[in-house]
Each structure stands twice: as C-alpha cells, then as structure tokens.
Amino acid sequence: MTITKTAATPASRPARGVLTGVGHLGQTSPPVAAAGRRALLARRTWAYWLGCAVFALILATTTGLGPHRMWGACATVGYGTAATLAVRNSPGWRRAAAWAALLGAVLVPLGVLVVSGAAQSEVGVVERSGALLLHSGSPYLPHPVHTVDYDPYLPGMALFGVPRALFGDGPLTDARVWFCLAFVACMCFAGRRPAGDAVRWRLAAGSGPAPVHSVLLLAAFPAVALPLAVGGVDLPVVGLMCLGLALAGRGGSGTAAGVAMGAAAALKWTAWPLLPVGLVLLAVTAGRGPALRAAVAALSVAAAAVVPVALADPHAFVEHVVLFPLGEGGVRSPATSPLPGRLLAVYTPDGTALATAGLVAAAVGVTVSLLIRPPRTVRAAANRLAVGLTLAICLLPATRFGYLVLPLVLAGWFRYTALGPAHGEDRWLDAEALG
C-alpha cells in the first residue's frame with residue numbers, strides 16, 4: 001500500500017465558520033459579541049450601583065440608628081458616584097466606579113465612625129470583653145443586668161477587643177478595624193488558587209480578577225459594607241468559614257483547613273455548622289486521613305479557646321453564650337427580627353420549644369443530606385452550608401436579618417470564584433472592569 005503525503009491546506013472561510021460556529025451563517029462575530037457583552041456589563045454595572053444607592057438612601061432616611069444613618073448618607077454619595085461613572089462603557093471608568101463605591105460605602109464612613117466613636121453596641125461589648133479576658137480570665141460579666149452587659153459570643157471573639165485593652169483608645173485599636181482586617185485577609189486567602197490550578201486557569205480562561213479585586217467588590221456590596229463600617233461581628237466569622245471551606249476543597253493534609261474551621265468555631269456558635277460540611281468535603285476531596293486530621297485540629301483550636309473560659313465561670317458562660325442567644329437569659333435579647341423562630345417564640349404557647357425543635361430538625365436534615373449526597377466541590381459545600389445557616393437563622397428564637405450576611409457571603413463568594421473556563425471571557429470582562 002502506498003501512502004501519498006500532501007500538504008495540508010487551510011480551511012476556507014465558510015468551512016472555518018462551520019467549525020467555529022460563527023461567521024458565514026449570519027451569527028455574531030467574536031469581536032462584535034465581545035463588544036455586546038461589554039455593553040451589557042456596563043448596563044448591569046450602572047443598574048447595580050444605582051440600586052445600591054437607592055438602598056443606602058432609604059436606610060439613611062428611615063433608620064433611627066445614628067451609625068446606620070451616617071453610613072447611609074456616605075454610601076448614597078459613593079454609590080451614586082459609582083453609578084454615574086459606570087455609565088461610560090470603558091474598563092477605566094468601571095474601575096473608577098468600583099473604587100468610588102468602596103470609598104463612599106466603607107472607607108469614609110468607617111473612618112468617620114471610628115474617629116467619632118459611634119458604633120453598634122457589639123463593638124463596645126467586644127472591647128469590654130477583651131479587657132475582662134486580660135484581667136479576669138473570662139470575657140463575661142458574672143452578673144449581667146442590662147442588655148449591653150451580655151456577651152453572646154464565644155471566647156475567641158474577645159481577642160478583637162484586646163488591642164484596645166492593651167494600648168488604650170485610638171483609631172487603630174477600634175475593634176472594627178480588626179474585624180475588617182481579619183475579614184479581608186481571610187477572603188483574600190480564600191480566593192487564592194493553588195499554583196497548578198492557577199496555571200490551568202490562565203491557559204483555559206485567560207486572566208481572571210485577582211483575589212484582592214474580588215474582595216474589594218465584595219466589601220463594597222451593601223450587606224457587607226454596612227457591617228464593615230458600623231461594626232459587624234459576623235464578618236470575621238464568615239471570613240474564616242470561607243477560608244476553611246476553600247482550604248478543605250484544595251485537599252492536602254487537612255491541618256490548615258482544620259485550624260481555620262476551629263478558629264471560626266471559637267468566635268460564634270453560627271460557625272459550628274461549618275465543621276460537618278467542611279469535614280465531609282475534605283473526606284471527599286482528600287480522603288479520610290486528612291478529614292480526621294482536620295477534625296482533630298478544629299476541635300483542638302476551638303476547645304483551647306472555649307473550655308478554659310467555660311470552666312473558669314460555668315454559670316456566666318451558660319448565661320451569656322447559651323441562654324441569652326436562645327432568648328432565655330435574665331434579659332431578653334434585642335435580636336427581634338420578625339422571622340419564623342421569633343414569631344413562634346412570641347405568639348405561640350411553648351413557642352421557644354417549637355422553634356428549637358425546628359432548629360434541631362433542620363440540623364438533622366442537613367446532616368442526612370451530607371451522608372446521602374456529600375458535596376464534591378467547594379461551591380456545592382458552600383451552598384449546602386448556606387442553606388443550613390439560612391434555616392437556622394430563620395428558626396432561632398432570637399434572630400436578626402443581619403445574620404443573613406453569613407449565607408449570603410458563602411453562597412455568593414464561591415459562586416463567583418468557582419466560575420470555570422466556560423465563563424472565561426466573562427471573567428476577563430470582570431477583570432477588565434476591576435483592573
């Protein structure tokens with residue numbers, strides 16, 4: 001048999017159109033499609049910042065809380081400026097819009113509130129707890145009388161109040177500054193990709209937004225920007241939760257993921273649902289050995305922070321950390337958002353028991369779902385955790401709408417950062433908008 005070699009000839013223009021799915025069939029050519037996507041991105045960006053400005057203006061004119069009113073006034077200007085800049089269909093203008101939103105919604109109100117000393121009551125509670133921890137070994141007042149005497153957080157949260165206890169009053173010792181730093185640092189590390197994944201990402205999808213740019217956009221989102229400025233204790237919690245999930249999804253030995261999850265669990269009860277979800281994810285991605293090491297690390301870190309304080313004054317620990325959040329302490333919790341658990345506790349006989357039973361049922365349901373269909377990706381685990389937290393927040397007898405920032409950040413962050421090569425060009429457009 002004789003094989004004749006012939007030089008390969010390039011495909012004709014119509015043939016190339018058939019192979020690529022664009023061109024001669026009347027479909028949009030790639031440059032035109034890219035331009036259309038840029039125009040669509042510009043319109044969406046403008047509408048997004050305008051919606052944020054409307055929200056901030058409504059809050060500024062309706063709230064009775066001074067720090068929130070200050071934030072609303074500053075954020076309205078920042079978001080309005082961002083919307084104006086985003087009208088221009090240019091990467092530079094969209095980048096300027098993002099920075100204007102961050103400046104008006106986070107940096108300016110945070111600076112004004114820190115200098116003036118105005119803050120949510122949580123900030124004062126955490127700073128007092130830091131001083132108590134240093135002087136008595138327990139962050140909890142033994143005989144709380146008023147609402148602000150209660151500290152419903154786990155002992156790890158008191159560490160954010162230690163700088164003020166050690167170095168006195170000052171802008172850099174304000175607990176909010178340390179909340180912000182912890183949140184931003186955790187989210188930056190959570191957004192990083194392992195070296196191999198980063199190489200595959202660049203080859204398959206082009207350049208995507210760097211972690212710091214993603215975090216800046218997240219920080220400018222109203223549900224995050226408001227607590228950053230006025231003093232939301234949930235942000236360092238959700239930052240560590242995201243970091244723990246991200247590390248669990250990368251596999252490895254499991255120790256780093258366990259330390260991050262244990263640190264989150266040492267801050268607040270709402271972080272504890274992270275442990276089963278993160279450990280199941282780690283077992284799927286890396287095996288039982290790393291999952292077991294992560295469990296040991298997480299429980300060790302949490303126990304090191306909680307157990308000594310609980311043993312130092314068991315009565316105060318239970319009163320502050322168990323009874324008060326459930327609405328059963330000596331003083332009623334001010335967390336009174338009209339969610340199902342709160343409505344049951346107030347308007348139904350034995351409503352607190354019913355709400356608690358619903359909370360237990362939701363926890364059992366999420367646990368069963370982990371056993372039947374364990375999450376195999378970080379995004380799936382984050383979604384499962386977000387669902388569980390949403391149910392828990394809705395069923396707690398003492399609850400607030402502000403707690404919903406936890407599932408919101410979990411679901412939104414990993415949805416954004418988990419976009420794959422199929423969305424590469426959209427990611428490139430986002431990166432272009434952010435610089």
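The values are calculated or read from the model by the stated rules, or taken from the named source; none is laboratory data. Keep in mind that this is a model prediction, so the values were computed, not measured. When we count neighbours, we look across all protein chains shown, and the Cβ atoms used for this are built from the backbone with ideal geometry, even at glycine. For the accessible areas, the whole protein counts, side chains as well, though only heavy atoms, and no ligand, DNA or RNA atoms are used. Shrake-Rupley method; radii C 1.70, N 1.55, O 1.52, S 1.80 Å.
Details
- Yes/no for Ser116 being under 30 Å from Leu85 (Cβ atoms), out of contact with any His (no Cβ under 6 Å at 6 or more places or on another chain) and among the hydroxyl-bearing types (Ser, Thr, Tyr): yes
- Screening Trp272 on (1) among the aromatic types (Phe, Trp, Tyr); (2) touching a helix residue (DSSP H, G or I) at 6+ places or on another chain (Cβ under 8 Å); (3) open to solvent by less than 50 Å² (accessible area, probe 1.4 Å) shows it passes everything except condition (3).
- Filter pass, Leu110 being open to solvent by 30 Å² or more (accessible area, probe 1.4 Å) and in contact with a helix residue (DSSP H, G or I) (Cβ under 9 Å, 6 or more places away or on another chain): no
- Tally, over segment 134-155, of residues that are part of a loop (DSSP other than H, G, I, E, B) and among the small types (Gly, Ala, Ser): 2
- Of the residues making up segment 69-93, those that are open to solvent by 40 Å² or more (accessible area, probe 1.4 Å) and of a type in the set (Gly, Ala, Ser) number 1.
- Hey, Leu159 in a helix (DSSP H, G or I) and under 22 Å from Val259 (Cα atoms) or not: yes
- Applying a threshold of 6 Å to beta carbon distances and a minimum spacing of six or more residues, or different chains, the list of pairs starting in segment 251-279 at a residue that is part of a loop (DSSP other than H, G, I, E, B) and ending at one that is hydroxyl-bearing (Ser, Thr, Tyr) reads Gly251/Thr285; Lys268/Tyr153.
- Filter result for Thr147 (at pLDDT below 90 and of a type in the set (S, T, N, Q)): yes
- Among the residues making up segment 388-403, those that are within 16 Å of the chain's Cα centre (by Cα), touching a residue at least 40 places away in the same chain (Cβ under 8 Å) and open to solvent by 10 Å² or more (accessible area, probe 1.4 Å) are Gly388, Phe401, Gly402, Tyr403.
- Of the residues in segment 94-101, none is surrounded by fewer than 17 Cβ atoms within 10 Å (Cβ to Cβ), without any contact (Cβ under 8 Å) to a residue 60 or more places away in the chain and not hydroxyl-bearing (Ser, Thr, Tyr).
- On inspection, Arg13 fails the criterion of being surrounded by fewer than 12 Cβ atoms within 10 Å (Cβ to Cβ), within 30 Å of Leu110 (Cβ to Cβ) and modelled with pLDDT under 90.
- Members of segment 309-340 found to be at pLDDT 85 or above, more than 19 Å from Ala353 (Cβ to Cβ) and surrounded by 14 or more Cβ atoms within 10 Å (Cβ to Cβ), listed by number: Val309, Ala310, Ala312, Asp313, Ala316, Phe317, Glu319, His320, Val321
- For first residues located in segment 371-382 and buried (at least 18 other Cβ atoms within 10 Å of the Cβ), partners that are aromatic (Phe, Trp, Tyr) and in a helix (DSSP H, G or I) and lie 6+ apart or on another chain with Cβ distances below 7 Å form the pairs Val378/Phe414; Arg379/Phe414; Ala382/Phe414.
- Single residue of segment 236-262 satisfying the filter (surrounded by fewer than 24 Cβ atoms within 10 Å (Cβ to Cβ) and closer than 14 Å to Cys186 by Cα) that is modelled with the highest pLDDT: Val259
- The one condition in (1) open to solvent by less than 10 Å² (accessible area, probe 1.4 Å); (2) out of contact with any Leu (no Cβ under 8 Å at 6 or more places or on another chain); (3) small (Gly, Ala, Ser) that Gly124 fails to fulfil: (1)
- Condition met for Leu404 (over 25 Å from Ala158 (Cα atoms), of a type in the set (A, V, I, L, M) and at pLDDT 75 or above): no
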